[in-house]
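A.B. asks: This is the structure, below, for whatever I ask next.
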Amino acid sequence: MLEEARVVSKTIPLQISEGAAAALTAVGDSVGSGGQFLTIGILVLNLLASYSMQQILSQVRSLSMITHLQMMQLNVPPSAIIFFSALFEFVTFDIVPTDAIYQTAFAWENIPYSESAENIGYESRQIIENTGSVPIFMVVIFF
């Protein structure tokens with residue numbers, strides 16, 4: 001048992017030299033500041049990317065509404081009809097060509113709802129054909 005006023009001290013021998021310890025401390029500090037810079041840079045890029053994606057999606061929504069304006073019974077020049085039908089393919093993001101798939105899976109006639117609906121890409125009265133590749137993706141995801 002030790003006496004109450006007694007203090008025991010012991011020095012621990014150095015594991016590495018003082019120069020190596022200073023070098024490791026400098027490397028650790030630079031890695032820490034580099035990590036902070038990288039984190040801030042990623043945050044800024046993420047904010048810019050999310051803002052630009054919001055802008056792109058809002059433009060796609062606007063283009064979608066503009067392409068569907070043809071459904072109204074308006075006199076539209078043929079060049080505008082061609083432009084809007086090409087724009088409709090871009091707006092719908094339909095990446096799977098579903099015409100052949102639906103022709104073999106379902107044996108119904110493709111009768112368009114109206115001429116203006118057919119001009120922009122709704123070539124059938126069947127909702128499954130008009131939704132494009134969405135039903136195919138739903139089948140793949142859920143089954």
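A.B. asks: Can you tell which of L24, L45, L38 is part of a helix (DSSP H, G or I), more than 23 Å from the chain's Cα centre (by Cα) and surrounded by 10 or more Cβ atoms within 10 Å (Cβ to Cβ)?
C.D. replies: One residue alone meets the criteria, L24.
A.B. asks: For segment 6-19, does any single residue satisfy the condition of being assigned to a helix (DSSP H, G or I) and either over 30 Å from P135 (Cβ atoms) or out of contact with any Leu (no Cβ under 6 Å at 6 or more places or on another chain) (or both)?
C.D. replies: Yes, segment 6-19 contains a residue that is assigned to a helix (DSSP H, G or I) and either over 30 Å from P135 (Cβ atoms) or out of contact with any Leu (no Cβ under 6 Å at 6 or more places or on another chain) (or both).
A.B. asks: Give me the residue from segment 85-113 that is aliphatic (A, V, I, L, M) and outside any loop (DSSP other than H, G, I, E, B) and, out of that set, nearest to R61 (Cα to Cα).
C.D. replies: V91
A.B. asks: Further, regarding this structure: Could you say which residue among F84, F90 is modelled with pLDDT under 80 and either touching a Leu at 6+ places or on another chain (Cβ under 9 Å) or farther than 30 Å from M138 by Cβ (or both)?
C.D. replies: F90
A.B. asks: Quick check on L69: is it in a helix (DSSP H, G or I), closer than 30 Å to E115 by Cβ and free of Cβ contacts under 8 Å to residues at least 60 places away in the same chain?
C.D. replies: So L69 passes the test.
A.B. asks: Could you give me the residue pairs with C-beta distances under 6 Å whose first residue belongs to segment 97-118 and is acidic (D, E) and surrounded by 10 or more Cβ atoms within 10 Å (Cβ to Cβ), whose second residue is at pLDDT below 85 and in a loop (DSSP other than H, G, I, E, B) wherever it lies, and which are 6+ apart or on separate chains?
C.D. replies: Final answer for the pair search is E118/P112.
A.B. asks: Any residue in segment 44-63 that is closer than 20 Å to L87 by Cα sitting within a Cβ distance under 8 Å of a residue that is surrounded by 10 or more Cβ atoms within 10 Å (Cβ to Cβ) and not basic (K, R)? List the pairs, counting only those 6 or more apart or interchain.
C.D. replies: Short answer, once both residue conditions are applied: V60/V91; L63/L87; L63/F90; L63/V91.
A.B. asks: Please work out if S116 is more than 30 Å from the chain's Cα centre (by Cα) and part of a helix (DSSP H, G or I).
C.D. replies: In short, yes.
A.B. asks: In addition: Against the definition (free of Cβ contacts under 8 Å to residues at least 60 places away in the same chain, in a helix (DSSP H, G or I) and surrounded by 10 or more Cβ atoms within 10 Å (Cβ to Cβ)), how does A80 come out, yes or no?
C.D. replies: For A80, the condition - free of Cβ contacts under 8 Å to residues at least 60 places away in the same chain, in a helix (DSSP H, G or I) and surrounded by 10 or more Cβ atoms within 10 Å (Cβ to Cβ) - is met.
A.B. asks: Yes or no: segment 55-71 includes at least one residue that is at pLDDT 80 or above, polar (S, T, N, Q), closer than 16 Å to Y122 by Cβ and under 21 Å from the mean Cα position of the chain (by Cα).
C.D. replies: Within segment 55-71, one or more residues are at pLDDT 80 or above, polar (S, T, N, Q), closer than 16 Å to Y122 by Cβ and under 21 Å from the mean Cα position of the chain (by Cα).
A.B. asks: Still on this structure: For segment 119-129, give me each residue that is surrounded by fewer than 16 Cβ atoms within 10 Å (Cβ to Cβ) and part of a helix (DSSP H, G or I).
C.D. replies: If the condition is that a residue be surrounded by fewer than 16 Cβ atoms within 10 Å (Cβ to Cβ) and part of a helix (DSSP H, G or I), then I127, I128 are the ones that fit.
The values are calculated or read from the model by the stated rules, or taken from the named source; none is laboratory data. What you see is a predicted model, and the numbers here were worked out from it, not measured in a lab. Every residue, glycine as well, gets a Cβ built from its backbone with ideal geometry; the counts of neighbours run over all protein chains shown.
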